[in-house]
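One structure is given below, encoded as structure tokens.
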Amino acid sequence: MNKFKKTLTGGLVVLLMVLGFVACDDEFSTIGDEIIENNNFSTNLFADSQIRAYNQRLNPVQANGLPVYQLGKNVDPVYGTTFSNLTIQASLGTEDPEFGDKTQAEEDEDLTDTEEMETVTEVWLNIPYFSSSSINDDGETEVEVDSLYGNTAQPFTLRVQELTYFLRALDEEGDSQIYFTNEDFSMRVGETLFEDTAYLIDQEQVEIVETDINGATVFDEDGNPVIEQTLSPRIRVKLDKDFFQQRILDNEGSIMLSNNNVFRAGELFRGLHITADNTEALMLLDLENANIEINYIYQKVNTQGNTDPSDDTAEPEKATYNLSLSVANILNTFNTPTFTQDVTANEDNLFLKGGEGSMSVIELFGPDNDGNGVADQLEEIRANGWIINDANLVFYVNTNIQVDAAEDPIRIYLYNMENNIPLLDHVIDQTTNPTAPSLSKAVHGGILELDENDMPSFYKIRLTEHLNNVIRNEGENVKLGLVVSSDIRIESNGQVETGTIDEEFLPVSSIVNPFGTVLYGSTTASPEDKRLKLEIFYTIPETN
């Protein structure tokens, strides 16, 4: 994800969470200027739509089945400090694994004294950061990490513990099990597999130096270490090798390693619980490419090219087996003890915060005073026979509350809240952004625009097709949900834990975005030029 700062420095926009920037015009184009008036039609601007916009505080949200996960600390001057932990269920890279060249059954049947004697030498936890690479003018590869925020230079305590809790895949009804962000796994852990009280984030590529069978570095003819592999920047730490010797390699041939269903349900090894204590940084992690890398040696039988076992010899051989951390349950759990903002106190401002935060609800065209099920203003507009040429909601950032130190979300997302689906404008917008794909659908908008001082100014969302459907086709005038977004191309929804609000679902693109903003509302408390308005450019046939 692109790292978005007030100076708009950062790298590549990635999947789940978009924090990048695309240059946009600071001024609105006058849409009406593009419509040519003639004797049969006239074009007008209607900006007096009645709007009610109000806030809802969100209960804990879905913690698993997400495209992006967080670890560390996020400090927001409005919404307080959020601490995030990771709980990851492990899976077998290959089921019923064969370590070395022979299965355990084949070793047991072997009448000779040759045993493979598989022995773990190193175990590495690999969790990449999101990063991008490019080739500079000198032909060198340059890598930029774009998923780190806060003070990344401060050391902190990184701890990796054994997870002892079974994360089931299905609930009592046979549906996918949903876990929520208020889960606490701190007491559901076993052995500590790694701990460093002065861990430092390394944003450089990881060079894996080749070693021989004895673990000694291999050098080239010039005396330089041979680089066996170059990995993208990541968390890469050594785990307790004896633990994995006993739990994994020593169980070759056991039913506990026979398949993932048995492995995950058993008590052999269920996964990891990862915490970052005393950190001032927030890390967005690429769990899709995370694993536990188990390096081991075994005694490889050399048959000397014949079938006579009497002259067989055993020679040490290196091998690797990986446990997957991406194909089962991954949970992001949060603690935000200082989120004390009363977002529902009034409707003067709109408070948007990703994850277990807050959202806004937009109701268009005012009340239904005659009780016929249709807002009175909407009835009047429908009777006029308008053709909607363009319609936009413009949300201005309240920079008096959303201070400069805050991390502004690069995009907000407006959706059909009653059916939890995108608006028609979102669906039909096929525009793409090749350099920042998650900033595609730019016509529909919702992308942060800056003022002349490169400071956050407003978000503009086009809902022309939605209003045409409501006005001309008498479609339902649904409540609209407004949330921060990482990538509005992600149309799936996550669950919200039942509680004080009626919402049961929230767009996943908002769940995975850690940041928030404050926007002016539609009340008279907002400055006239910053107040939330619905601008409708329409054409109406002239009558003779």
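Here, each number is a calculation from the coordinates, and none is a lab measurement. Since this is a predicted model, take the numbers as computed values, not measurements. Don't worry about glycine lacking a Cβ; one is built from the backbone with ideal geometry, like all the others, and counts go over all protein chains shown.
If Lys and Arg each add +1 and Asp and Glu each add -1, what is the summed charge of the other residues whose beta carbon sits under 11 Å from the beta carbon of A290?
Values: positive: R234, R236; negative: D286, E288, E293.
Neighbourhood net charge equals -1.
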With a ≥ b ≥ c from the Cα gyration tensor eigenvalues, square-rooted, and the rule rounded for a/c under 1.5, otherwise prolate when a/b > b/c and oblate otherwise, the stretch 306-446 is prolate
Karplus-derived 3J(HN,Hα) from phi for the stretch 302-310 (6.51 cos²θ - 1.76 cosθ + 1.60, θ = phi - 60°), whole Hz, x at Gly and Pro, runs 9, 7, 6, x, 9, 9, 7, x, 5
In the list (1) 210; (2) 177; (3) 134, the entry giving volume of the Cα convex hull per residue in Å³ computed from the coordinates is (1)
Nearest-0.05 FRET efficiency for E491 and K318 at R0 = 41 Å, using Cβ-Cβ distance, is 0.35
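For S134 and E293, calculate 0.36 nm times their separation in residues minus their Cα-Cα distance, and state this gained length in nm to one decimal.
Values: separation 159, 0.36 × 159 = 57.24 nm, distance 2.72 nm.
Using 0.36 nm per residue and subtracting the Cα-Cα distance, I get 54.5 nm.
For N369 and E115, calculate 0.36 nm times their separation in residues minus their Cα-Cα distance, and state this gained length in nm to one decimal.
Net length gain for the segment: 82.9 nm.
First select every other residue whose beta carbon is under 14 angstrom from the beta carbon of D376; then total the charges, Lys and Arg +1, Asp and Glu -1. Mind showing how you got there, number by number?
Details: positive: R52, R382; negative: D48, E363, D368, D370, E379, E380.
So the surrounding residues net to -4.
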Taking 426-435, 69-78 and ranking on average Cβ neighbours within 10 Å, highest first, one gets 69-78, 426-435
For N420, placing the label point 7 angstrom along Cα-to-beta-carbon and taking the stretch 451-494, residues whose amide nitrogen sits under 13 Å are 491-494
Residues meeting the amide H criterion for L268 (H placed from the backbone, H to H distance under 5 Å, 5 or more places apart or on another chain) are none
